[in-house]
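Participant: To start, I am sharing the structure in question, which I have written as structure tokens.
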Amino acid sequence: MRFRLTNTCSEDFMVSNIRLEIMEGNYVEEENIISYLENFDGKAINMFNSTYDALELFKTINKFRSYGPKTSGLLLRVIIGIGFNRKLTNVENVPLPVDIHDSRIAYNCNIYRPKGIDDLQKIYTNPSHIKKIEKIWRDSAKSINVNWEELDRALWLLGSKGCANKECYICPINELCQIGKEFTVNDKNLFNY
């Protein structure tokens with residue numbers, strides 16, 4: 001028998017609960033379900049509050065099949081942002097969820113542009129490059145005294161709403177961005193990248 005995890009929201013408590021449904025499609029392994037039921041009584045809030053160490057919580061989430069570092073990091077950022085566990089410590093040691101948006105901004109703004117690589121996909125799919133970009137953004141957040149999850153959210157918004165939608169005219173960093181600079185200077189659409 002296979003199971004699927006689905007999210008439900010209790011309006012009374014504004015707490016996200018995960019309920020199990022026996023269904024076809026989008027399956028997770030039975031070991032995830034068993035672990036989830038045994039360790040957290042089948043409730044996401046129990047998992048979110050199972051520790052005060054953010055890195056430990058990240059590792060717990062990451063143990064679930066089909067949850068890699070990116071998804072685990074994003075879920076942890078949501079847990080922190082919504083305030084499910086306000087006592088979390090050690091947040092600074094959780095890996096940043098570097099994705100195409102973080103990579104694109106670093107690449108297009110010449111913050112991280114390795115020699116000989118002109119294909120962005122070779123950067124954001126390579127663990128070695130991802131670690132370097134993560135360090136750059138982590139150090140940047142530290143240098144301006146901002147939590148990494150705040151910087152990550154800002155980068156995601158810039159990349160997903162601005163870069164992905166080719167909104168260079170309204171982008172606050174268009175003068176730093178190679179694509180944005182060319183677009184606004186030449187007053188033409190140069191989005192063939």
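Participant: What does the charge add up to near Pro114, with Lys and Arg as +1, Asp and Glu as -1, over the other residues with Cβ less than 12 Å from its Cβ? Don't skip to the answer; put the middle values down first.
Facilitator: Numbers: positive: Arg113, Lys115, Lys122, Lys132; negative: Asp118, Asp119.
Surrounding charge for Pro114 is +2.
Participant: So, one more: Only four residue types carry charge here, +1 at the Cβ of Lys and Arg and -1 at the Cβ of Asp and Glu. Report the dipole size of segment 29-95 about the Cα centre in Debye, rounded to the nearest 20.
Facilitator: Values: 8 positive and 8 negative charges, 65 e Å.
The dipole magnitude comes to about 320 debye.
Participant: Could you quote the convex hull projected area for segment 110-171, Cα atoms only and averaged over all directions, in nm²? Write out the running numbers ahead of the final one.
Facilitator: On the way: hull surface 19.8 nm².
Taking a quarter of the hull surface, the average projection is 4.9 nm².
Participant: Give, as a single signed number, the net charge of other residues whose beta carbon lies under 15 Å from the beta carbon of Ser72, with Lys and Arg counted +1 and Asp and Glu -1.
Facilitator: Working: positive: Lys59, Lys63, Arg65, Lys70, Arg77; negative: Asp53, Glu56, Asp99, Glu134, Glu149, Asp152.
Combined, the nearby Lys, Arg, Asp and Glu give -1.
Participant: Hey, which lysines would be in cross-link range of Lys181, C-alpha to C-alpha under 17 Å, not counting anything within fewer than 8 residues on its own chain?
Facilitator: Leaving aside lysines fewer than 8 places away in the same chain, those within reach of Lys181 are Lys166.
Participant: Taking segment 37-146, which chymotrypsin sites (Phe, Trp or Tyr not before Pro) meet the DSSP loop condition and have no more than 13 other C-beta atoms within 10 Å?
Facilitator: Tyr52
Participant: Before I look further, what does segment 79-147 give for accessible area per residue, probe 1.4 Å, in whole square angstrom?
Facilitator: Numbers: 3950 Å² over 69 residues.
On a per-residue basis, 57 Å².
Participant: Roughly speaking, what is the stretch gain from Leu157 to Lys142, that is 0.36 nm per residue apart minus the C-alpha to C-alpha distance, in nm to one decimal? Walk me through the intermediate numbers first.
Facilitator: On the way: separation 15, 0.36 × 15 = 5.40 nm, distance 1.95 nm.
Extending this stretch completely gives an extra 3.4 nm.
Participant: Among the lysines, which have Cα under 30 Å from the Cα of Lys87 when same-chain residues fewer than 8 positions away are ignored?
Facilitator: Lys43, Lys59, Lys63, Lys70, Lys131, Lys132, Lys135, Lys142
Participant: Could I ask something else about it? Note down the net charge around Ile133, summing +1 for each Lys or Arg and -1 for each Asp or Glu among other residues with Cβ under 12 Å from its Cβ.
Facilitator: Values: positive: Arg104, Arg113, Lys131, Lys132, Lys135, Arg138; negative: Asp99, Asp102, Glu134, Asp139, Asp152.
Taking every Cβ under 12 Å from that of Ile133, the sum is +1.
The values are calculated or read from the model by the stated rules, or taken from the named source; none is laboratory data. Here the structure is a predicted model, which is why all the values come from computation and not from measurement. A quick note on method: Cβ atoms are made from the backbone with ideal geometry, for glycine too, and the neighbour counts reach across all protein chains shown. For accessibility, only protein heavy atoms count, side chains too; no ligands or nucleic acids. Shrake-Rupley method; radii C 1.70, N 1.55, O 1.52, S 1.80 Å.
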